[in-house]
Amino acid sequence: MKKNKRKKQKKKYIIFLFLVLLVIGIIIIITNRTIYKIEDRTTNVKEEKKKDAGHFRTIGWIRVQGTKIDYPIIGYEHGYDPRKESDKKDSFAYNLIREEELFNKVNIMGHNILNLSTHPRMNDKRFTRFEPLMSFVYYDFAKKNKYIQYTIDGKNYLYKIYAVRMYDSYKNVETLIEKTYNDNEIVKYANKVKKDSLYKYNVKVDGKDNLISLITCTRFFGPDTSSALVVDARMIRIGEKAKNYTVKKTDNYKKILKIMKGDGENEV
């Protein structure tokens, strides 16, 4: 009897251990699976260059996970208004330089013409600029979509998002001018935007990292304001893969959520 009882206990223990290991294995697989795969856009850039004119030239391509943003990036002559080319390009982002060169701090801008309310819509079929970028005001969206692909100088680069910022005035948007910066300047900038972020991303940034900022306008804080949304990301490092990572709300997000709850139903 005692022998049979020990056998049953041993069998139960083995089954329990197997289930524990199975759960751990599933968690490891889910945590470490690749959640974004690069799709080559170098050929797209070459095709878009055929549409270039005197005042602008195609310098790259931008893709944002979870959105319709999959557009060419156009560089302009200094002082030229990119809105004048809206009828020449169907969907595009823009840069205020015309160089096809990868800097360690990049600023990509895009218009938000149709998504200005306190309840932004996501991936509306009418959106052709940076309107879908406003999707990042929603926590559930931010948790699922964490990568930006930047194609420049014949190569595809992948960046992981580490901050999302909302400002009630464009004057408060801190963006380093696009060029090469030293380690201290990069760290100082990253620390500042993390402090302003709606979310706390489990992403470390150091002085050797390459950064990118996607910037668009909004009327989120009212029709008479010139507000801005900025999504910041850093390039994945050598040997690093596009894996999942944690995102948590900050007190800055609570302020945004209060505005969204105070004006009717969500439009998503």
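The values are calculated or read from the model by the stated rules, or taken from the named source; none is laboratory data. The shown structure was predicted, so the numbers you read here are calculated from the model rather than taken from an experiment. Glycine also receives a Cβ, built like all others from the backbone with ideal geometry; neighbour counts cover every protein chain displayed.
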Conditions (1) crowded, with 17+ Cβ neighbours inside 10 Å; (2) modelled with pLDDT of 80 or more; number of the one not met by residue 97: (2)
Check segment 205-214 and report whether any residue there is in contact (Cβ under 8 Å) with a residue 40 or more places away in the chain and over 21 Å from residue 109 (Cα atoms). yes
Look through segment 207-241, keep the residues that are in a loop (DSSP other than H, G, I, E, B) and β-branched (Val, Ile, Thr), and return whichever of them is surrounded by the fewest Cβ atoms within 10 Å (Cβ to Cβ). 238
Search segment 47-65 for residues that are assigned by TED's automatic domain parsing to the domain that holds residue 143 and within 26 Å of residue 134 (Cα to Cα) and pair each with any residue that is part of a strand (DSSP E or B) and charged (D, E, K, R) when their beta-carbon atoms are under 9 Å apart and the residues are at least 6 apart or on different chains. 61/70; 62/70; 63/70; 64/70
Quick check on my filter: what residues within segment 192-248 are among the charged types (D, E, K, R) and within 14 Å of the chain's Cα centre (by Cα)? 194, 200, 232, 234
What number of residues within segment 141-159 satisfy the criterion of being of a type outside the set (A, V, I, L, M, F, W, C), in a strand (DSSP E or B) and buried (at least 22 other Cβ atoms within 10 Å of the Cβ)? 4
Taking the conditions exactly as written (at pLDDT 55 or above, charged (D, E, K, R), under 21 Å from residue 233 (Cα atoms) and not assigned by TED's automatic domain parsing to the domain that holds residue 128), does residue 37 satisfy them or not? yes
Failed condition for residue 63, given (1) modelled with pLDDT of 85 or more; (2) touching a helix residue (DSSP H, G or I) at 6+ places or on another chain (Cβ under 9 Å): (2)
Identify, by number, the condition in (1) in contact with an Asp or Glu (Cβ under 6 Å, 6 or more places away or on another chain); (2) without any contact (Cβ under 8 Å) to a residue 40 or more places away in the chain that residue 118 doesn't meet. (2)
